[in-house]
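First comes the structure, then the notes that go with it.
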Amino acid sequence: MPKSPNLDYIKQLSGGNKEFERKIITIIKKELPVEIQSYKKNISAREFEKAAEIIHKIKHKIGIFQMEEAYKLAIDYEESLREKEDRYKEKFEIYLRQLKSFVESCEI
């Protein structure tokens, strides 16, 4: 079963510093919707190289929330987009919705 997103890594990094945790989550809450919008725009326009660049950014957020399967898929998807193919699109977008929902629900 895929691992659900969580805040464990952020909490580990913060060493209990709640202000640090708030700052990280605030940054991600601002950046992620913009990146998702840009990703969708570039995929719709079949601008695969630009979409791959956005996936690269999102991939790091996926890692921060410890979504291992999604992270591995993001690597494969990024590579496939650079080869002008979008064969992982549907599966990646499921993880993307899961990440977006989780981030939106994070209390800061």
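Looking at segment 1-67, what helices (runs of 4 or more DSSP H) fall wholly within it and have at least 3 residues that are under 17 Å from K91 (Cα atoms) and modelled with pLDDT of 95 or more?
Output list reads 18-44, 48-64.
Residue by residue through segment 22-43, note down the ones that are over 19 Å from H56 (Cα atoms) and in contact (Cβ under 8 Å) with a residue 40 or more places away in the chain. Give the steps one after another, and end with the answer.
The initial filter retains those residues of segment 22-43 that are over 19 Å from H56 (Cα atoms), namely 22-23, 26.
R22, T26 - these are the residues of segment 22-43 that are over 19 Å from H56 (Cα atoms) and in contact (Cβ under 8 Å) with a residue 40 or more places away in the chain.
If Q66 meets every condition in (1) surrounded by 15 or more Cβ atoms within 10 Å (Cβ to Cβ); (2) at positive phi; (3) without any contact (Cβ under 8 Å) to a residue 60 or more places away in the chain apart from one, which number is that one?
Every listed condition holds for Q66 apart from (3).
The values are calculated or read from the model by the stated rules, or taken from the named source; none is laboratory data. None of these values were measured; they are calculated from a predicted model. Note that each Cβ is placed from the backbone with ideal geometry, even for glycine, and that neighbours are counted across all protein chains shown.
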